[in-house]
Amino acid sequence: MLKKILKLDGAQELTKNELKAVKGGVTEVCARALASGQAILKNGAPCPPEYPLAGGGCCFAD
């Protein structure tokens with residue numbers, strides 16, 4: 001998967017120090033749910049009623 005991402009125009013692999021500086025993000029489960037439309041990003045706000053389950057930085061649908 002990393003090779004596919006790095007093939008994107010302008011993408012570059014982060015150094016170890018850059019990786020350590022990254023804060024936040026989402027879990028792999030959250031990322032998959034976002035891609036399939038089963039979740040939305042939480043962004044620090046409460047989850048809306050249509051996405052009541054929170055976890056890993058996302059709000060999930062029932």
(request) State, to one decimal in nm, how far the label point of Ala61 lies from the label point of Val29, with both points 7 Å from Cα in the Cβ direction. (result) 1.8 nm
(request) Would you grab the residues whose amide H sits under 5 Å from the one on Cys58? Only those 5+ places off in sequence or on another chain, please, with H modelled 1.01 Å from N. (result) Lys42
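Which net charge results when you count Lys and Arg as +1 and Asp and Glu as -1 among the other residues whose beta-carbon is under 13 Å from that of Pro48?
-1
None of the figures in this text is laboratory data; all of them are computed from the coordinates on show. Being a predicted model, the structure only gives us computed values, none of them experimental. Methodologically, a virtual Cβ is constructed for each residue, glycine included, from the backbone with ideal geometry; neighbour enumeration extends over all protein chains shown.
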